[in-house]
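One structure is given here, and the rest of the page talks about it.
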Amino acid sequence: MVAEDDPFTILIGKSEYINQTFDKLLVAKNSTMLPLFYEFVIELSNAMEGLEGNWMESFTNKLHELKDSKAVTSNQIKFYSSILKKNSLDHFGSAFDIVLSDILTCFTTSKNHELVLDTINLLNSLFTIYIPAVPSEEKIVSFTETAGNGLVSKVTGKSYSLEIRQRSLVCLSNLLLNVRVSTQYQSQLLQVFSDVISIEFLIQSDLLSIEKLVKSEIDYPYPPNWSKSLVKPLSDYVTNKDQQAQTLSTLKAMLDASLFDRADKATIIVPLISDVETQKLSVESKNTYAFILAGLVSTVDITPQLQTIVKLLVKFSSDAKFNPEALVSLTQAILVHTPSDQFIEVLLQSGKQTDANISKILAIISVSSQKFDSIEKILTDLNNGTQVLFSIIFLEQVSKSMDLDYGLEPFFKYFDSPDDEIKRASVNAVATIVSGNVTKYLSSFLQYLEGTSNRVESLQCLNNLLRNTPVDPDYSMPLVKS
């Protein structure tokens, strides 16, 4: 309950009196106070969480009449930007046309660098928040297209500053992402992003904008050969360390959107893998690289590049933080055009089967190729104590795709192994198997937990389970109680 002496309550109660009194001040003899009037309306709107529509309309019309020049000032742009934070566009009423006209006039004619930047920021807000919230009237469409044309001229105009061109490009993408315009106009604006892809100081902004556009759910009418025109620049930038991360993200987005044909993919794959082996990549870039390669090699003959691609797979997967889904995706993609035996032969040239990452890849190959006899052999090896580390890691990976139906006991017996690697692997394997089929394996794990003397390893396994088990009281509470 709000107290009667609450300042906000008092202000709202006096709002009509305040608005009427201020409205009477907006006359010609007070025109020199115009900047102060703008500030007052902004503060009043902020204090009252927005103005009533009729007063917003009246104030805006009268403030406009007090101007002694047709030029749009920084005070006006600040006023519109600030007032919209608490008011919608339709609150301007009959003054709506004035607001739109002032914004366009300032954006298209002002030579003041900071004022143009402020206007671009206002356009960004209009395109992302305010215009999508009002009905698409003819004047809104006209405003949007005029502003869009102005943005295009600033993006492509060599006389504008780097900052203006970059922000205009981002604003142009926000227009496409959020405002309804004709398909013909969409296509016209989309062409700009292809046209400026080679302008050095716009590359990063352009790549990011293209990524956002192709990842959106909007079915854009891409211009003819739009994607093809991007193939060479993207192929060039992927080897440039300054542009590489964003180029990879954009490439993946375009692949996911099925914007490349087979010829495009064949063109991209060579530069993509050319010198990656010597580069130091973040784990995010490794993951993106792997997903991109998976999208390429599943449709392109990679026989000439097989060894290089497998080396990359091994290199990426040696990172403990490498995405398991990326590992599976790229491994399965290689298998589309590569016999499993050939894949394994090349794989073992890049490492030993006892290496953890090699073991996982071998497991994925076995499951994907339905080589269940090899899985049976590994299970037997584990039970007999042969190639223990390889067997545990291999079987853990297999359990992510299918139920081994082998129980947990073969893994429990290695919880007290003198070999720390084997001990860790067995703990991870049990946690993976149980979390993958809680209904089947949880009771066995809890029974082991109650009777074991291997408390450290058991608690490590329990910790992994609590992190990975779905939040379900039937499953989680027994783990917590244990």
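The values are calculated or read from the model by the stated rules, or taken from the named source; none is laboratory data. Because the structure is a prediction, the values reported are computed rather than measured. Every residue, glycine among them, receives a Cβ derived from its backbone with ideal geometry; neighbour counts consider all protein chains shown.
Collect the residues in segment 6-26 that are touching a Leu at 6+ places or on another chain (Cβ under 8 Å) and not in a helix (DSSP H, G or I), keeping them in residue-number order. Spell out the reasoning first.
Within segment 6-26, the first condition is being touching a Leu at 6+ places or on another chain (Cβ under 8 Å), and the residues that meet it are 18-19, 22, 26.
Within segment 6-26, just Leu26 meets the criteria.
Could you grab me the full set of residues in segment 45-79 that are over 26 Å from Thr9 (Cα atoms), of a type outside the set (Asp, Glu) and assigned to a helix (DSSP H, G or I)?
Keep residues of segment 45-79 that are over 26 Å from Thr9 (Cα atoms), which gives 61-78.
Pick out the ones that are also of a type outside the set (Asp, Glu) and you get 61-64, 66-67, 69-78.
Scanning segment 45-79 gives Asn61, Lys62, Leu63, His64, Ser74, Asn75, Gln76, Ile77, Lys78.
When segment 313-339 is examined, which residues are found to be of a type outside the set (Val, Ile, Thr), surrounded by 14 or more Cβ atoms within 10 Å (Cβ to Cβ) and in a helix (DSSP H, G or I)?
In the first step, residues of segment 313-339 are kept if they are of a type outside the set (Val, Ile, Thr); the result is 313, 315-327, 329-330, 332-333, 335, 337, 339.
Subset that is surrounded by 14 or more Cβ atoms within 10 Å (Cβ to Cβ): 313, 315-319, 322-323, 326-327, 329-330, 332-333, 335, 337.
Result: Leu313, Lys315, Phe316, Ser317, Ala326, Leu327, Ser329, Leu330, Gln332, Ala333, Leu335, His337.
If you check Ile164, Ile131, Ile120, Ile103 for being modelled with pLDDT under 95, part of a helix (DSSP H, G or I) and not aromatic (Phe, Trp, Tyr), only one passes: Ile131. For segment 412-426, the tally of residues that are part of a helix (DSSP H, G or I) and of a type outside the set (D, E, K, R) stands at 4.
Filtered by the rule that a residue be over 31 Å from the mean Cα position of the chain (by Cα) and polar (S, T, N, Q), segment 66-92 gives Ser69, Thr73, Ser74, Asn75, Gln76. Looking only at segment 343-355, residues that are loosely packed, with under 15 Cβ neighbours inside 10 Å and either touching a residue at least 60 places away in the same chain (Cβ under 8 Å) or closer than 17 Å to Pro304 by Cβ (or both) come to 2 in all. Considering Ile375, Ile364, Ile358, the condition of being in contact with a Gly (Cβ under 6 Å, 6 or more places away or on another chain), over 19 Å from Tyr441 (Cα atoms) and either in contact (Cβ under 8 Å) with a residue 60 or more places away in the chain or not polar (S, T, N, Q) (or both) is satisfied by Ile358 alone. For segment 210-245, the set of residues classified as surrounded by fewer than 19 Cβ atoms within 10 Å (Cβ to Cβ), polar (S, T, N, Q) and under 18 Å from Val170 (Cα atoms) consists of Ser216 only. Among the residues making up segment 370-411, those that are part of a loop (DSSP other than H, G, I, E, B), of a type in the set (Ser, Thr, Tyr) and surrounded by fewer than 16 Cβ atoms within 10 Å (Cβ to Cβ) are Thr386, Ser401.
Please determine, by comparing only the residues of segment 134-149 that are in contact with a helix residue (DSSP H, G or I) (Cβ under 8 Å, 6 or more places away or on another chain) and at pLDDT 90 or above, which one is surrounded by the fewest Cβ atoms within 10 Å (Cβ to Cβ).
Pass one, segment 134-149, residues in contact with a helix residue (DSSP H, G or I) (Cβ under 8 Å, 6 or more places away or on another chain): 134, 139-140, 143-148.
This time we only want the ones that are at pLDDT 90 or above, so: 140, 143-148.
Details: Ile140: 18, Phe143: 22, Thr144: 21, Glu145: 17, Thr146: 15, Ala147: 25, Gly148: 23.
Once the filter is applied, the top-ranked residue is Thr146.
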